[in-house]
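The block underneath contains the structure these notes are about, expressed in structure tokens.
The values are calculated or read from the model by the stated rules, or taken from the named source; none is laboratory data. Just so you know, these numbers come straight off a predicted model, no measurement behind them. Don't worry about glycine lacking a Cβ; one is built from the backbone with ideal geometry, like all the others, and counts go over all protein chains shown.
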Amino acid sequence: MQLNDYIAAYMPQSHRGLRDYESGAGWYHQVNLLLKKLERLGLYKVTKQKERVVEVDNDYWITLPSDCRDLIKIYDPFHPSDVYKYQYLNSKIKLSKSFTKDDSPDEFTLSAGSTTTIKINDADATADLWNEYALFLTNGTYSGDGIIIHDTAAAAAGTSVLTFRHTQPGTIDSTTGYLTNDYMVLVYKATFTMMSAYNGEIPIDDKYEGDLLLKWLELSAVAKTDKKYPIYKNEFQEVLDEVIEEQNTPDLDNIRPAARPWPEVDFDLSNDYDQYVQDEPWDYYE
């Protein structure tokens, strides 16, 4: 839903005029503050996890995606048992061992692109020929991006249709590109794209567009010196606590077994003392 429509539909009339829409303290700015808060709390760890196709430069170096918040792993899809450790250096990723990319990949003219498929001028393509290869685009809106190919259609009338593994964010308008199987895949948690206009789509999961967003906007509309501010703050915190509890509650397959009593030990062993696990260092992470 667009932000202006959301406020018109759900915000109390008494609150709507307390902020404007577009200033640095306007409504869309307040939504961005909530997005950052939820992101820090890890509530987007499922919906914002992505995989991205990359090539390795000079045998060791990978450019870090601009929307990467936390890198989870790196793998070679054709040799998944190979382990690549890495470091962050010079705003890039440096692999622990070399990986050589193809310096002369198969180049093609592209046409009829969409968010899910594209044609290549390969008159000799057989069914499944380019499956699991990566198509790297060399011009157009998404120039430089790589797309994993899920399916290859046999050539007809001089072209073959490639189907993408993942639906792309927009129609692919590139007319040139190349295919290679010498690539790697990054799995990472992406940052959230912030709002830049009051009439934009609210970039938030539908489950957060209910009480949580409304209570946050109501709280944002009230000055901290207002005697009702603590009331709005408590209402927002209660809803936020409910969302966090729901997000972190294990399902039946993941419930922690009940602690067993020790003979002659009378203290309570049921506390969640094991929930705090020290993270592995980021500077050399597998």
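A few points about this structure:
- Leading residue by the ranking (modelled with the lowest pLDDT) among those in the range 198-229 that are over 25 Å from Q2 (Cβ atoms) and surrounded by fewer than 12 Cβ atoms within 10 Å (Cβ to Cβ): A223
- In the range 73-122, the qualifying residues are those that are hydroxyl-bearing (S, T, Y), in the same structural domain as G170 (by TED's automatic domain parsing) and touching a strand residue (DSSP E or B) at 6+ places or on another chain (Cβ under 6 Å), and the one that is surrounded by the most Cβ atoms within 10 Å (Cβ to Cβ) is T117.
- Some residue of the range 169-188 being part of a loop (DSSP other than H, G, I, E, B), modelled with pLDDT under 95, of a type outside the set (A, V, I, L, M, F, W, C) and in contact with a Lys or Arg (Cβ under 9 Å, 6 or more places away or on another chain): no
- Flag if L34 is surrounded by 15 or more Cβ atoms within 10 Å (Cβ to Cβ), under 25 Å from L240 (Cβ atoms), in contact with a helix residue (DSSP H, G or I) (Cβ under 6 Å, 6 or more places away or on another chain) and in contact (Cβ under 8 Å) with a residue 12 or more places away in the chain: yes
- Residue in the range 31-43 that is within 10 Å of the chain's Cα centre (by Cα), closer than 23 Å to L213 by Cα and not in a strand (DSSP E or B) present: no
- M195 passes every criterion in (1) at pLDDT 95 or above; (2) buried (at least 18 other Cβ atoms within 10 Å of the Cβ) apart from (1).
- Among residues of the range 94-122, those that are part of a loop (DSSP other than H, G, I, E, B) and either under 18 Å from H150 (Cα atoms) or polar (S, T, N, Q) (or both), counted: 11
- Qualifying position, being more than 27 Å from P65 (Cα to Cα), in contact with a Leu (Cβ under 7 Å, 6 or more places away or on another chain) and at pLDDT 95 or above, among T159, T126, T152, T117: T152
- Tallying residues that are more than 22 Å from C68 (Cα to Cα), part of a loop (DSSP other than H, G, I, E, B) and not hydroxyl-bearing (S, T, Y) within the range 189-208 yields 3.
- Test: D82 is within 27 Å of the chain's Cα centre (by Cα), modelled with pLDDT under 90, among the acidic types (D, E) and over 30 Å from A156 (Cβ atoms): yes
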